[in-house]
1. Given (1) in contact (Cβ under 8 Å) with a residue 12 or more places away in the chain; (2) within 28 Å of Gly147 (Cβ to Cβ), identify the lone condition not met by Pro177.
2. How many residues does segment 24-58 contain that are within 13 Å of ligand 2 (Cβ to nearest atom) and either among the basic types (Lys, Arg) or surrounded by fewer than 19 Cβ atoms within 10 Å (Cβ to Cβ) (or both)?
3. With Leu167, Leu161, Leu175 as the choices, which residue is away from ligand 1 (no atom under 16 Å from the Cβ) and either within 20 Å of the chain's Cα centre (by Cα) or at pLDDT below 95 (or both)?
4. Is it the case, given these coordinates, that Thr83 is outside any strand (DSSP E or B), under 16 Å from the mean Cα position of the chain (by Cα) and modelled with pLDDT under 95?
5. Could you tell me which of the residues Ile155, Ile62 is open to solvent by less than 50 Å² (accessible area, probe 1.4 Å) and more than 21 Å from Asn35 (Cβ to Cβ)?
6. Given the conditions (1) over 11 Å from Lys221 (Cβ atoms); (2) within 8 Å of ligand 1 (Cβ to nearest atom); (3) open to solvent by 30 Å² or more (accessible area, probe 1.4 Å), which single one is not true for Gly19?
Amino acid sequence: MEQNELNNKILSIDNIYGGYGGVNILNGISLHVKNSEIVVIIGPNGSGKSTTMKSICGLVDINSGSIIFKGKEISNMRTDKITSFKIGYVPQENNIFSSLSVEENLEMGAYSEKKGKYNLKNSIERIYKIFPPLKDKQKQAAINLSGGQRQMVAIGRALMLDPDLLLLDEPTAGLSPKFTQLIFDKIVEINNLGVSILMVEQNAKEALSFADRAYVLVMGKNRFEDTGENLLNSEEIGKMFLGG
Ligand SMILES: Nc1ncnc2c1ncn2[C@@H]1O[C@H](COP(=O)(O)OP(=O)(O)OP(=O)(O)O)[C@@H](O)[C@H]1O
Ligand SMILES: [Mg+2]
């Protein structure tokens, strides 16, 4: 492999096996994200998409293989250590604190920062710039927001420490087509600010239409990988994974 190509990768997962308590759910996953890319993971329920995202954040046991982020081996490191290297993570479920206000949720995204060095106010304002509706609702409890706005809070929280890589696990789950499109537009906007994106999506057709590249996961292994466009135009992928 060319040295340039190696250096170009912000994240590189090589042949990982791992799971929960000794049972492997991931059976040899390899994938990468190049600087500034949007990479999408699709695949059937239970194929290990969320487990792959968790593995990057140190939330599952990795029994073999490697995960390199910005040149550093991060597999099996502690989650707080990994995120301190500037990885933001929005989990599939329970990704906000419902009873806390919008602003308090955003503050939680920076709780690990030491006082003094870090400018909390600036970071919160930066998030409101990306998601203006949140500014109007800053004092409201998150539970009172619409589904789309709750996802904005979850994404905003993950952006508080200005990550270089953002991991999004089904950011449009349960949203109306209108809010789904809005969240996709925001993801592209965040990517244009220089944040590389790795995301799991069940709205596969829409996601493939703006993804640089994508992977299809089946039973804990990546089965197909290509540009979003090629996967979208593939008859085989269409029949098997995109509903015909
Ligand atoms: N905490 C856990 N402990 C044990 N097994 C788990 C745990 N979480 C998930 N699994 C199992 O791991 C497998 C993969 O789950 P995972 O959540 O990664 O799938 P997924 O591709 O994200 O599915 P979905 O599309 O439904 O979100 C499933 O068989 C699931 O039952
Ligand atoms: Mg999942």
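The values are calculated or read from the model by the stated rules, or taken from the named source; none is laboratory data. Every value quoted in this text rests on a predicted model; they were computed, and no experiment measured them. When we count neighbours, we look across all protein chains shown, and the Cβ atoms used for this are built from the backbone with ideal geometry, even at glycine. Protein only, heavy atoms only, side chains kept; ligands, DNA and RNA dropped before computing areas. Shrake-Rupley method; radii C 1.70, N 1.55, O 1.52, S 1.80 Å.
1. With (1) in contact (Cβ under 8 Å) with a residue 12 or more places away in the chain; (2) within 28 Å of Gly147 (Cβ to Cβ) applied to Pro177, the lone miss is (1).
2. The number of residues fulfilling the criteria is 5.
3. Leu161
4. Spelling it out, Thr83 is indeed outside any strand (DSSP E or B), under 16 Å from the mean Cα position of the chain (by Cα) and modelled with pLDDT under 95.
5. Working: Ile155 fails: more than 21 Å from Asn35 (Cβ to Cβ).
From the options Ile155, Ile62, the qualifying one is Ile62.
6. Status for Gly19: all satisfied but (3).
Here is a yes/no grid of residues against (1) farther than 27 Å from Asp212 by Cβ; (2) within 17 Å of the chain's Cα centre (by Cα); (3) assigned to a strand (DSSP E or B):
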position	(1), (2), (3)
Ile16	no, no, yes
His32	no, yes, yes
Val39	no, yes, yes
Pro44	no, no, no
Gly58	no, yes, no
Ser64	yes, no, yes
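Condition check ((1) of a type outside the set (Ser, Thr, Tyr); (2) open to solvent by 20 Å² or more (accessible area, probe 1.4 Å)) across all residues:
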residue	(1), (2)
Tyr111	no, yes
Tyr128	no, no
Phe131	yes, no
Asp164	yes, yes
Gln181	yes, yes
